[in-house]
1. So how many residues does the stretch 362-402 have that are at pLDDT 95 or above, within 21 Å of Arg4 (Cβ to Cβ) and outside any helix (DSSP H, G or I)?
2. Determine whether Gly361 is at positive phi and either among the hydrophobic types (A, V, I, L, M, F, W, C) or open to solvent by less than 50 Å² (accessible area, probe 1.4 Å) (or both).
3. Of everything in the stretch 409-422 that's open to solvent by less than 30 Å² (accessible area, probe 1.4 Å) and either part of a helix (DSSP H, G or I) or without any contact (Cβ under 8 Å) to a residue 12 or more places away in the chain (or both), which residue is farthest from Phe100 (Cα to Cα)?
4. If you go through the stretch 272-299 one residue at a time, how many are in a helix (DSSP H, G or I), among the polar types (S, T, N, Q), open to solvent by less than 60 Å² (accessible area, probe 1.4 Å) and more than 17 Å from Ile354 (Cα to Cα)?
5. Would you list the strands (runs of 3 or more DSSP E) that sit entirely within the stretch 1-95 and hold 2 or more residues that are at pLDDT 95 or above and touching a strand residue (DSSP E or B) at 6+ places or on another chain (Cβ under 6 Å)?
6. Going through the stretch 377-401 one residue at a time, which ones are hydroxyl-bearing (Ser, Thr, Tyr) and farther than 22 Å from Asn276 by Cβ?
7. What are the residues in the stretch 300-332 that are part of a helix (DSSP H, G or I) and open to solvent by 40 Å² or more (accessible area, probe 1.4 Å), if any?
8. For residues that are surrounded by fewer than 20 Cβ atoms within 10 Å (Cβ to Cβ) and among the hydrophobic types (A, V, I, L, M, F, W, C), tally how many sit in the stretch 423-445.
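The values are calculated or read from the model by the stated rules, or taken from the named source; none is laboratory data. Bear in mind that the values here come from a model prediction, so they are computed numbers and not experimental data. FYI the Cβ positions are ideal-geometry reconstructions off the backbone, even for glycines, and counts take in every protein chain you see. Note: accessible area is taken over every heavy atom of the protein model, side chains too, but ligands, DNA and RNA are not part of it. Shrake-Rupley method; radii C 1.70, N 1.55, O 1.52, S 1.80 Å.
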Amino acid sequence: MLRRYVAPILLGAFMGLPAVADEVTTFTLENGLEAVVIEDHRAPVVTHMLWYRVGSADEEAGTSGIAHFLEHLMFKGTDMLAPGEFSATVEAQGGNDNAFTSWDFTAYFQRVAADRLELMMKMEANRMRGLILSEEDVRTERGVILEERNQRTDSDPGALFGEQRRAAQYMNHRYGVPIIGWRHEIEDLSREDALAFYQKYYAPNNAILIVAGDVDPEQVKALAETYYGPIAPTPGLTERLRPAEPPQLAERRLKMTDPRVAQPYVIRTYIAPERNPGDQAQAAALTYLAELLGGNGTTSVLAKALQFGEGAKAVYTSAFYDGTSLDLSNFGFAIVPVPGVSLQEAEDAMDGVIASFLEEGVDPAAFERLKRQLRADEIYARDDVDGLARRYGQALTSGLTVADVQDWATVLQAVTPEDVMNAARAVLDRNKAVTGWLMREEAGQ
């Protein structure tokens, strides 16, 4: 059954902007495949995405990187397509394709002319179960991933530092393991590991189809029934069960030195709640908190206090939060000191600003400006059909619903300064934080 959701965004009336709506239709096939169709008829193009409810946080211990490894291997041959033929076919249609892996999901997409949707669906459905892997495929692609790790992680002290901090933040949960995997475990990943992961998780009852653009929902459903409908589900596939993170009782601190560091900095992250289905209020308040404290390089609380004037302590400050995750997220701060200011002085200055904010509260004028900006951002985001498709895919694979996605703008507008301060006091607890210093080896800070 097709179910249509039309979520009007009436906030435009406050800004002289036209009201807009997400034209969203959903359906579920008999084999468990869920589908979301987002209509946008302004251009004859379509984005076809297939999201799997499996990411690196679902890997078994000892096989880190297998989710990302399989993402690469999915571009090898199938029983219908030769190696490399998938992407070559998309390119021949004038489109583009790619894939990405996170802790909570793995997604594949193609953007093509609307009349090429059937071909995309046919090919993507085929590789859901038709992947063919040789030992040579696995050996070659393993080398590619090791080189990717060399370039993006091992040669970048900031990336290595990030791995160490996440491992300290999440002592038991798999969010503490890098998506690309630990090098020594990548080296041991085998064809059998990849096929076992593929056969278990790449199934219609573990996938969400997102089609966005110049399409008709009835047509999309008919195509999905034709190509995805015959695929058998994985029997006995249960809810995702992950190791729970124990309560953090004391601050964790780490210092990392590396002669390649161009600019020393301090970063602190706190365990923070994620967006939950039907309960997004605290996540919305934390979104405001991050924007108020460090979301803007000139007008945020940290920037105004630390980056300007003769007594400036920092060349850069930020606060950040993203609540779209299946399990506990984190809220963070970063500060890059000006030359001559030590990391300890920078951290102390940052802490002083945070303490003042907790004492003084939210500036009403800044809060109203931010509320208007978030309102505008939500409206303008709906002009990006690819972004909308990703928004729904990420949310649904992180445990949220279509209604949660469509309610988010309203939830954001309902936040009050009191909500922000309550969220700040609940989350900004140093006993739930990891504080890290990254510095040059010779700096001795």
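1. 2
2. On the way: at positive phi: yes; either among the hydrophobic types (A, V, I, L, M, F, W, C) or open to solvent by less than 50 Å² (accessible area, probe 1.4 Å) (or both): yes.
So Gly361 fits the description; yes.
3. Step one: list which residues in the stretch 409-422 are open to solvent by less than 30 Å² (accessible area, probe 1.4 Å), which gives 409, 412, 415, 420-421.
Retained after the next criterion (residues that are either part of a helix (DSSP H, G or I) or without any contact (Cβ under 8 Å) to a residue 12 or more places away in the chain (or both)): 409, 412, 420-421.
Working: Ala409: 26, Leu412: 28, Val420: 33, Met421: 36 Å.
In this case the residue turns out to be Met421.
4. Step one: of the stretch 272-299, the residues in a helix (DSSP H, G or I) are 281-294.
Now narrow it down to the ones that are among the polar types (S, T, N, Q): 282, 287.
Next cut, open to solvent by less than 60 Å² (accessible area, probe 1.4 Å) only: 287.
Now drop any that are not more than 17 Å from Ile354 (Cα to Cα), which leaves none.
Of the residues in that region, 0 qualify.
5. On the way: elements: 3-9, 20-28, 34-39, 45-52.
Qualifying strands (runs of 3 or more DSSP E): 20-28, 34-39, 45-52.
6. Within the stretch 377-401, the first condition is being hydroxyl-bearing (Ser, Thr, Tyr), and the residues that meet it are 380, 392, 397-398, 401.
Across the stretch 377-401, the qualifying residue is only Tyr380.
7. Just the residues of the stretch 300-332 that are part of a helix (DSSP H, G or I), to begin with: 301-306.
The answer is Val301, Lys304, Ala305.
8. The initial filter retains those residues of the stretch 423-445 that are surrounded by fewer than 20 Cβ atoms within 10 Å (Cβ to Cβ), namely 425-426, 429-431, 440-445.
If we keep only those that are among the hydrophobic types (A, V, I, L, M, F, W, C) too, we end up with 426, 443.
Count: 2.
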